[in-house]
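For reference, the structure is listed below as structure tokens.
What follows draws every value from the coordinates through simple rules; no lab data is involved. Predicted model, so just to flag it, every value in this text is computed and none were measured. With ideal geometry, Cβ positions are generated from the backbone for all residues, glycine too; neighbour counts draw on all protein chains shown.
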Amino acid sequence: MRGMGYLFKEGVRSVWNNRMMSAASIGVLASCLLITGMAMLLSFNVRNIVDQMGKDNQITVFLDVSVDEITAVQKIGPEIRRLDNISSCEFYSKDEGIVKWEQELGPLFGELQGTENPLPHAFHVAMVDLSQYDTTVDSIKQVEGVDMITDRSEVAKRLTDLNTLVTQVGLWLVAALGIISLFIISNSVRMTMYSRRFEISIMKSVGATNHFVRTPFVIEGVVLGLISGILSSVIVAFLYEAMISAVKYIVPIEEIPYSDMAFNMTAGFIIFGMIIGAIGALISIGRYLNMEGGEILGW
Amino acid sequence: MIQFKNVSKIYPNGTHALNDVSINIGKGEFVFMVGSSGAGKSTFLKLIMKEEEPTSGTIIINDTDITNMKRRRVPYLRRTMGIVFQDFRLIDKMTVFDNVAFAMRVIGARPAAVKKRVNYILGLVGLRDKAQNRPAELSGGEQQRVSLARALVNNPSLIIADEPTGNIDPEMSFEIIELLNEINKQGTTIIVVTHEHELVHRFKNRVIEIQGGKIAADSGVPEEKAEVPIEISEEELAKIPDEIAEEIPDVSADEINREALLAIGDEEADE
Ligand SMILES: Nc1ncnc2c1ncn2[C@@H]1O[C@H](COP(=O)(O)OP(=O)(O)OP(=O)(O)O)[C@@H](O)[C@H]1O
Ligand SMILES: [Mg+2]
């Protein structure tokens with residue numbers, strides 16, 4: 001389009017002329033993007049860890065000592081398998097159990113084998129969806145002959161809860177900060193418009209289209225968004241590495257390397273930033289576009 | 001060119017600024033509009049440029065009824081008009097050149113065309129050597145000429161000037177009206193609001209007097225004026241269109257004509 005170069009220059013120039021307000025806008029929008037980004041990265045990683053753990057998310061279901069092997073295999077086993085959310089259910093006899101104990105704790109228990117074996121029969125059960133852990137455990141407990149349940153996936157369960165929390169808190173934060181960013185950007189653009197209301201009134205009196213009047217301000221908003229997007233994607237890369245090495249210092253985990261996500265994160269930040277910038281600018285502009293010369297100047 | 005049919009304007013606060021005004025102003029006329037303060041002169045001009053809407057009645061400009069004109073057409077209506085404000089309305093932080101160029105840039109003119117045309121127009125109003133000055137460094141008369149140059153730069157078919165001589169000495173006022181007279185001779189319709197009887201007497205133009213929102217007197221077009229040829233000379237028009245039309249192949253005929261008119265100053269500016 002003709003005159004686009006002029007409009008673009010005008011938009012970029014006002015970011016600079018308005019630098020205090022621009023800096024504030026960029027600061028808030030970049031923080032919003034940063035928090036969103038970190039919450040997303042955290043969530044991706046937790047999900048990744050949970051997925052890995054899910055592969056051995058077994059729980060052990062111990063039966064009453066009085067239950068014999070035949071009842072266990074033929075009656076209780078199929079009954080557990082019929083429940084929802086069960087991916088596998090393998091019989092684990094008390095003989096296997098005692099052998100394992102012996103291996104782990106030494107020959108102390110040697111004489112407890114055979115009929116002297118005090119252990120109950122058990123099943124190794126795995127679930128499809130860990131987030132339904134509690135309901136599934138409850139329904140297993142309802143099965144007749146089941147005594148108690150131990151699990152080795154408490155960590156996975158905690159992580160899943162954490163993930164849900166991170167997602168929820170993250171969403172609220174993003175919504176709140178998104179609104180604040182919109183507010184600040186639209187104010188920044190409004191200040192530019194106010195300081196240039198005289199020019200706007202002249203533009204309108206010589207026949208500039210609304211599109212033409214609007215464009216430099218939208219460009220100003222978009223440039224603010226672009227800078228915020230670039231800034232936050234650089235910061236998030238460093239922050240992520242720092243966070244991962246801090247966590248690794250405490251618990252050994254296998255993180256998703258940043259390079260796997262760098263492109264998507266950067267593109268996402270920039271696009272999201274520019275969209276917020278444009279919307280923020282448009283919010284302010286509407287007011288002026290429907291006014292005429294004298295009204296704009298307040299004469 | 002301009003037709004008011006039973007136009008009334010009541011401002012939201014209840015002020016009756018215009019009362020059942022009907023008048024015709026033909027193409028190529030030069031009209032002085034007089035009347036005491038608060039008579040409704042500025043309101044009349046604002047209705048023409050559609051800065052205000054009439055409460056009732058019809059306004060026709062260039063055979064187009066602008067009363068029901070769509071909002072998005074208004075900018076194109078204004079491009080056919082040049083407006084000179086009493087208080088100049090120049091942008092302080094821009095140079096004289098940029099103040100005038102601004103009016104071309106905001107309607108999307110190409111940089112090369114802007115440069116040529118603005119230099120030509122600044123020459124016309126005698127300000128070529130002040131092009132890089134700021135408005136604050138100019139006298140009142142010079143500022144008024146910048147404001148006039150801005151109104152002229154898009155080659156409007158109508159010029160509206162609200163008290164263009166209000167802030168300057170009589171000699172300067174005379175020169176400004178003289179300049180407008182020259183422009184008028186090339187076919188541009190001109191409406192000038194003024195309080196200065198001296199000017200009105202010196203230039204024998206049509207005088208419309210507004211009082212209390214009504215037309216109180218209308219001298220009609222003076223006889224010697226009515227005969228003045230008002231079209232741009234054939235040869236001037238003939239020497240442009242071809243090259244211009246080639247340069248911008250996909251614009252409407254209307255726009256080509258505009259470009260052609262804008263280019264009239266080009267050769268002279270190059271000298
Ligand atoms: N925006 C407005 N709102 C309300 N009343 C207005 C408005 N503009 C003008 N008026 C009123 O309308 C009447 C005509 O005003 P207008 O500006 O047309 O007068 P004028 O003839 O241009 O006067 P002057 O010579 O002082 O410029 C006046 O009484 C004025 O107070
Ligand atoms: Mg007035």
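Odds and ends about this structure:
- Neighbourhood net charge (15 Å Cβ-Cβ; Lys/Arg +1, Asp/Glu -1) for A:LYS248: -3
- Phi-based couplings in Hz for the stretch B:127-142 (Karplus 6.51, -1.76, 1.60; Gly and Pro marked x): 10, 4, 7, 9, 3, 9, 7, 8, x, 4, 8, 10, 6, x, x, 5
- Helix A:258-289 and the longest principal axis of the C-alpha atoms of chain A enclose an angle of approximately 40°.
- Rounded to 5, percent antiparallel among DSSP beta bridges of the protein assembly as shown: 65
- Checking every one of the trypsin sites (Lys or Arg not before Pro) in the stretch B:80-186 against DSSP loop status and a limit of 16 other Cβ atoms within 10 Å picks out B:LYS93.
- Partner shielding of B:78-89 amounts to 3, given as the average count of beta-carbon atoms from other chains within 10 Å of each residue beta-carbon.
- Within straight-line cross-link reach of B:LYS9, lysines at Cα separation under 27 Å, skipping those fewer than 8 residues along the same chain: A:LYS204, B:LYS27, B:LYS41, B:LYS46, B:LYS50, B:LYS70, B:LYS214
- Among B:LYS70, A:LYS141, a tally of other beta-carbon atoms within 10 Å of each Cβ gives an order, fewest to most, of B:LYS70, A:LYS141.
- Size of the stretch A:65-144: Rg and Dmax of its alpha carbons, in Å, are 14.6, 42.
- Excluding same-chain neighbours fewer than eight residues apart, the lysines reachable from A:LYS94 by a Cα-Cα span under 24 Å are A:LYS75, A:LYS141.
- The residues neighbouring B:ARG134, those whose beta-carbon lies less than 9 Å from its own, together hold a net charge of -1 under the Lys/Arg +1, Asp/Glu -1 convention.
- Whether the protein assembly as shown is rounded, prolate or oblate, judged on the alpha carbon gyration tensor where a/c under 1.5 counts as rounded: prolate
- Cβ charges +1 (Lys, Arg) and -1 (Asp, Glu), total dipole of the protein assembly as shown, debye: 1700
- Compared with the dominant principal axis of the Cα atoms in chain A, helix A:94-105 is inclined by about 70°.
- Nearest-ten-degree value, helix A:4-17 long axis tilted from longest Cα axis of chain A: 80
- In this label model, A:THR150 and A:MET291 are separated by 7.5 nm, measuring between points 7 Å along each Cα→Cβ vector.
- The helix-based estimate of mean residue ellipticity at 222 nm for chain A, built from -39,500 (n - 2.57) per DSSP H run of four or more residues and divided by its residue count, is -24000 deg cm²/dmol to the nearest 500.
- Normalising the Debye intensity of chain A to I(0), with uniform scatterers on Cα atoms only, and taking log10 at q = 0.11, 0.12, 0.14, 0.17 Å⁻¹ returns -0.79, -0.86, -1.01, -1.22.
- Each peptide in B:158-170, A:204-216 gets a packing score, the mean of other Cβ atoms within 10 Å over its residues, and the list from highest to lowest is A:204-216, B:158-170.
- Lysines with Cα under 17 Å of A:LYS157, excluding same-chain neighbours fewer than 8 positions away: A:LYS55
- Taken one residue at a time, the phi angles of the stretch A:127-135 give Karplus couplings (6.51, -1.76, 1.60, θ = phi - 60°) of 9, 6, 10, 5, 5, 9, 3, 4, 4 Hz. Gly and Pro are set to x.
- Charge tally in the Cβ shell below 15 Å around A:MET265, where Lys, Arg are +1 and Asp, Glu are -1, A:MET265 excluded: -3
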